[in-house]
């Protein structure tokens, strides 16, 4: 368990946690950027809570300079929602029915698939628990960025990181092929059907099972698997040697 910080400090929280873990310095200049963390060995660590593609230019520069580049990407596995009146009075506290998993976050890798196997790139998915804070309003409102399809009578003010539970590290071919749950060892060719069955067999959730096409797309784009044949609507893949 680690201390609680506001959402405006969520990025800062993870930055401080990992700078301590890797004995690094924070907010260090690198070319035209400021790096979240640079370690004693001159490796770069970036905390990215949203779009990973936004880091691609910096990552490519690091690759060109032969600098190890690690991206820390949080997965919110449990979220508590606290709702307050505008005067700061807490009026409700409940667990959100929504949660994230590793498989649901794999979409974030699609914009950087072409650099994932580079020897200088590491992705660390970190599972966290958080508390989201909201203010209830008297009337339904639109957000400043106009992102709501329908007006609601609340708005977010922050998110508190309450716990870091575990990590899953992706570096090199084997770590990504582990997403296949070893079906490539059981079949000469496999489709989303075989992968779904394996995920169900291993107790994965329905939402995780629904990510099979994304997993196969990603691994195919990374040239870890290739299309062998098509049978009806199913595409069958084989492991690349």
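The values are calculated or read from the model by the stated rules, or taken from the named source; none is laboratory data. Since this is a predicted model, take the numbers as computed values, not measurements. Cβ coordinates were reconstructed from backbone atoms using ideal geometry, including for glycine residues, and neighbour counts include every protein chain displayed.
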Of the conditions (1) within 30 Å of residue 116 (Cα to Cα); (2) surrounded by fewer than 17 Cβ atoms within 10 Å (Cβ to Cβ), residue 139 fails just one. Which one is it? (1)
Looking only at the range 11-68, count every residue that is assigned to a loop (DSSP other than H, G, I, E, B), surrounded by 18 or more Cβ atoms within 10 Å (Cβ to Cβ) and at pLDDT below 95 and tell me the total. 1
Check 129, 148 and return the single one that is in contact with a strand residue (DSSP E or B) (Cβ under 9 Å, 6 or more places away or on another chain), surrounded by 11 or more Cβ atoms within 10 Å (Cβ to Cβ) and touching a residue at least 40 places away in the same chain (Cβ under 8 Å). 129
Of the conditions (1) touching a helix residue (DSSP H, G or I) at 6+ places or on another chain (Cβ under 7 Å); (2) within 20 Å of residue 172 (Cα to Cα), residue 194 satisfies every one except a single condition; which number is it? (2)
Taking the range 211-241 and keeping residues farther than 13 Å from residue 180 by Cβ, assigned to a loop (DSSP other than H, G, I, E, B) and modelled with pLDDT of 95 or more leaves 223
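So which of 206, 231, 160, 186 ends up being more than 22 Å from residue 116 (Cβ to Cβ), surrounded by fewer than 12 Cβ atoms within 10 Å (Cβ to Cβ) and within 21 Å of the chain's Cα centre (by Cα)?
Numbers: 231 fails: within 21 Å of the chain's Cα centre (by Cα); 160 fails: surrounded by fewer than 12 Cβ atoms within 10 Å (Cβ to Cβ); 186 fails: within 21 Å of the chain's Cα centre (by Cα).
Residue meeting the stated conditions: 206.
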